[in-house]
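Okay, so here's the structure we're looking at.
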Amino acid sequence: MLLTSSSARAFSSPAPDLTTDYLAALDEFIKRHADPSKHSVVVSLFHAVRNIPYFSSGDRSPEAVLRDQRGACTAKHLLLRDLLRRCGEFADVELIEGDFAASMPVVNSMPDELKMWIRSGGIKDYHCYVVWRGPEREQILDATWPDALARFGFTVNSAWTGEGDTALAIVPTFIKSRDEDVIARKEKLLLSLTREETHHRKLFLSLLSTWLAGLPTL
């Protein structure tokens, strides 16, 4: 059962202090990827961000995603939030608690230690996704996994056309919050992990990212 936190709140979508360079980068991304002749702008931007390769470097800033053309859930969803806001949409990033390892498929080419963690679970983490104010209600947009991972059984959300929620990359146990300063909030949440949980999480993300970076299609 999904438990909700009293700290989760309704939309406010305030305009954060964004640098001129970052705003210019957002505008360039929108110009390059938002094609209303094929999809709605929201759908186009969602899939463009989603198809950025997943990699956990420790830098959770959206600027890092644009610079490195890869990123993990926090950075990718901050980028998607800011892109949608730049287009006049209402969007926030929500944090949830769950077992990140248990939500993934086991793939033959993975190292044995990574397979072990996925089979056993036990990687407590705080996952991000975007909550977008759609035409009729709030909609969950999870842009974690790119299309390149579909053949391995990852939930890539490639079929989303703007209706309903997308599938989450993690099975949530608790909605922690919907904060404006997502990076600070996540860092605070991660400090609540035990030393052992922190070590296992870092090891798992390193194993996962190394495997993903070594795939020839990414």
Taking THR166, THR19 and counting other C-beta atoms within 10 Å, the order from fewest to most | THR19, THR166
Using the 10 angstrom Cβ neighbour count as an exposure proxy, how do TYR126, TYR22 rank, fewest first?
-> TYR22, TYR126
Summing +1 per Lys or Arg and -1 per Asp or Glu among the other residues with Cβ less than 15 Å from LYS186's Cβ gives 0
Taking a label point 7 Å from the Cα of VAL171 along Cα-to-Cβ, the residues of the stretch 115-146 whose backbone nitrogen sits under 17 Å from it are 116-127
Per residue of the chain, what 222 nm ellipticity follows from adding -39500 (n - 2.57) for every DSSP H run with n ≥ 4, rounded to the nearest 500?
-> -11500 deg cm²/dmol
Please turn the phi angles of the stretch 119-135 into ³J(HN,Hα) values with the Karplus equation 6.51 cos²θ - 1.76 cosθ + 1.60 (θ = phi - 60°), one per residue in order, whole Hz, x for glycine and proline.
-> 5, 8, x, x, 9, 6, 8, 10, 9, 10, 8, 9, 9, 9, 7, x, x
Using amide H atoms built 1.01 Å from N in the peptide plane, name the residues 5+ places from LYS176, or on other chains, whose amide H lies under 5 Å from its own.
-> LEU95, ILE96, GLU97
Within the chain, longest stretch clear of exposed GluC sites (Glu not before Pro) (DSSP loop, no more than 16 other Cβ within 10 Å) | 1-135
Taking 0.36 nm per residue of separation and subtracting the Cα-Cα distance, what length does fully extending TRP211 through SER120 add?
-> 30.9 nm
Radius 11 Å from Cβ of TYR54, net charge of other residues (Lys, Arg +1; Asp, Glu -1) | +3
Listed candidates (1) 63, 40, 33; (2) 44, 41, 33; (3) 111, 48, 26 - label of the one calculated as Cα extents along the principal axes in Å = (2)
So for SER56, SER206, fewest C-beta neighbours within 10 Å to most, what's the order?
-> SER206, SER56
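Every read-out reported here was derived from the displayed coordinates using simple, explicitly stated rules and does not represent laboratory data. What you see is a predicted model, and the numbers here were worked out from it, not measured in a lab. Reconstructed Cβ throughout: ideal geometry from the backbone, glycine too, with neighbour counts over all protein chains shown.
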